[in-house]
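Here's the structure, in structure tokens; my notes come after.
No lab work stands behind these numbers, since they all come straight from the coordinates. Model, not experiment: these values are computed from the prediction. Cβ sites come from the backbone with ideal geometry, for glycine too, and all protein chains shown count toward neighbours.
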């Protein structure tokens, strides 16, 4: 890793460390034939643009992810201050569909219980594969408020 990996008090990686782990896991997955998925959590404004999360919401999202996912999964900043990510490691084909149908709604409920219904209405949770991230990067640059 170029820089030093940094883990916050919530147990989440900084953007540089998270991106490094994401790339490493993606390469390992390709070699082994096992798949990984990436869960992205963002906060939006009234127009649906990704905006910076306030620190309370970011801490709640990261803590909820850390409690809900396995020890082998990585949680951190996919895009510093704007998008929290989780690398869901070594998934077999059958469990990939379960991530969207079971994990996403469960995470929404966990986060909603801590933040309230009004706050979670601006929350977006997306599960994707590594090759889908390029499109997300483009949309971030186009629509995100910095």
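Some observations on this one:
- Between residue 122 and residue 70, full extension at 0.36 nm per residue minus the direct alpha carbon distance yields a gain of 16.1 nm.
- Using every pair of distinct Cα positions in the stretch 15-143, the Kirkwood expression returns a hydrodynamic radius of 14.9 angstrom.
- Inter-site label distance for residue 32 and residue 112 at 7 Å from Cα along Cβ, in nm: 3.4 nm
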